[in-house]
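K.L.:
Pasting a structure here, questions to come.
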Amino acid sequence: MGNNPLTAILIDDEGFAIANLTSLIGTYCQSLQVIGSASSVVEGVPKINKLKPDVIFLDINMPKENGFDLLNQITHIPLVVFVTAHEQHALRAMKVCAVDFLLKPIDINELKQTQIKLLQINTIKPEIRKNYSNVLRNLSSLIERPGSVRKITLYGNNGYEIFDIDNILYLSGENNYTSFHFLKHREVMVTKTLKDYEEILEPFGFMRIHKSTLVNLMHVKKIMKGENPSLLITNDEELNVSRRKSMELFEWSKSGLK
C-alpha cells in the first residue's frame, strides 16, 4: 500500500462523536484518512460496501440496530475498531476476541496506539486477514453468550490465532508486553499489558499472584507458604507469589484448591 494512509469510515448515531473523532484523527493520526461517516446501520452498510474502507470506527450502542448488526450485513470486511461509552459484558467479550476498541471519551494516546496496530495488521498476509474476518463474523454469537466463551484470540508474530483459555497455565508481563504460557503449546507474546488481560481473564478463574504474573487457578497443584511463598502448577513449574497476594491466594485455597 506504500505510504498511502488507511481509509476510514466512522459509524456513530451521535453527530458530535463523529465530529470529535474526525478531528482527533485529522490531528493525531496522519496515517489514517476519514473518507466518510454514517449515523446508523442502514446508512452505514451501503457506504462501507461501496467505498470499501480499510477500517471502520464502529459505535456499538445505536438505536434500532447496533454495531454488531452492521457486521452481519456488510459484504466488505474492513479492519474494525469498536467505539463505546459503556464498559459492559459486551466489551469484555470484545477484549476476549482481541478486537481493537476505544472507550469514550477517547484518549488520544490510546487512539495513537490503535493507529499503530491498524498499520501492523494491514501488512499481514491475506490468509491471516481472512481469519480476522472470521473472528468478527463469530463475534455476535459470542456476545449473546459471554459466559460460555472459553477461547481467546491473540495477535502475535503468526497473525491471529485462537486458543482454549483452559490450556493457559499462566501469563507473565513486562512493560507493554505479555507472554502466554500454555500447557501444550509454544509461548505466545502479544503487545498488550498484563493488566489488560487480568480484566479479561479474572472471570475465567485467573488470579494475579505477582506484579508480573497472572495464573490460571485450575492449573495450581500446590501452594508453598513461608518467607518466599510460591506455587506449583500442572507442568511442575514453580511460580513466585508476592507477599501481598499470598493471603488472597491462601484464602482461595481453602475453598478452591482440591
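K.L.:
Considering every residue within the range 171-180, establish whether at least one is of a type in the set (A, V, I, L, M, F, W, C) and more than 30 Å from Asn109 (Cα to Cα).
P.N.:
Within the range 171-180, none of the residues are of a type in the set (A, V, I, L, M, F, W, C) and more than 30 Å from Asn109 (Cα to Cα).
K.L.:
Within the range 2-21, how many residues turn out to be without any contact (Cβ under 8 Å) to a residue 24 or more places away in the chain and within 15 Å of Thr114 (Cβ to Cβ)?
P.N.:
0
K.L.:
Next question. Name the residues in the range 202-258 that are acidic (Asp, Glu), free of Cβ contacts under 8 Å to residues at least 40 places away in the same chain and either assigned to a loop (DSSP other than H, G, I, E, B) or over 20 Å from Thr178 (Cα atoms) (or both), would you?
P.N.:
Answer for the range 202-258, where residues must be acidic (Asp, Glu), free of Cβ contacts under 8 Å to residues at least 40 places away in the same chain and either assigned to a loop (DSSP other than H, G, I, E, B) or over 20 Å from Thr178 (Cα atoms) (or both): Glu227, Asp236, Glu251.
K.L.:
Continuing with this model, one more query. Filter the range 28-38 down to the residues that are among the hydrophobic types (A, V, I, L, M, F, W, C), free of Cβ contacts under 8 Å to residues at least 40 places away in the same chain and buried (at least 18 other Cβ atoms within 10 Å of the Cβ) and list them by number.
P.N.:
Across the range 28-38, the qualifying residues are Val34, Ala38.
K.L.:
Okay, moving on. For the range 181-201, which positions are part of a strand (DSSP E or B) and within 18 Å of Glu237 (Cβ to Cβ)?
P.N.:
Correct list: His181, Phe182, Val188, Met189.
K.L.:
Would you mind stating whether Ile200 is of a type in the set (A, V, I, L, M) and at pLDDT below 85?
P.N.:
yes
Results for (1) more than 14 Å from Ile9 (Cα to Cα); (2) in contact with an Asp or Glu (Cβ under 8 Å, 6 or more places away or on another chain); (3) exposed (fewer than 14 other Cβ atoms within 10 Å of the Cβ), shown as yes or no for each residue.
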| position | (1), (2), (3) |
| --- | --- |
| Gly26 | no, no, yes |
| Ser40 | no, yes, no |
| Val45 | no, no, no |
| Asn49 | no, no, yes |
| Asp54 | no, no, no |
| Asp59 | no, yes, no |
| Pro63 | yes, yes, yes |
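K.L.:
Here is a follow-up. Of the residues that make up the range 206-216, is at least one among the polar types (S, T, N, Q) and over 28 Å from the mean Cα position of the chain (by Cα)?
P.N.:
no
K.L.:
Taking the range 163-187 as the search range and keeping residues that are touching an Asp or Glu at 6+ places or on another chain (Cβ under 7 Å) and closer than 24 Å to Ile116 by Cβ, which one is surrounded by the most Cβ atoms within 10 Å (Cβ to Cβ)?
P.N.:
Phe180
The values are calculated or read from the model by the stated rules, or taken from the named source; none is laboratory data. Owing to the predicted nature of the structure, the values given are computational and were not obtained by experimental measurement. Every residue, glycine as well, gets a Cβ built from its backbone with ideal geometry; the counts of neighbours run over all protein chains shown.
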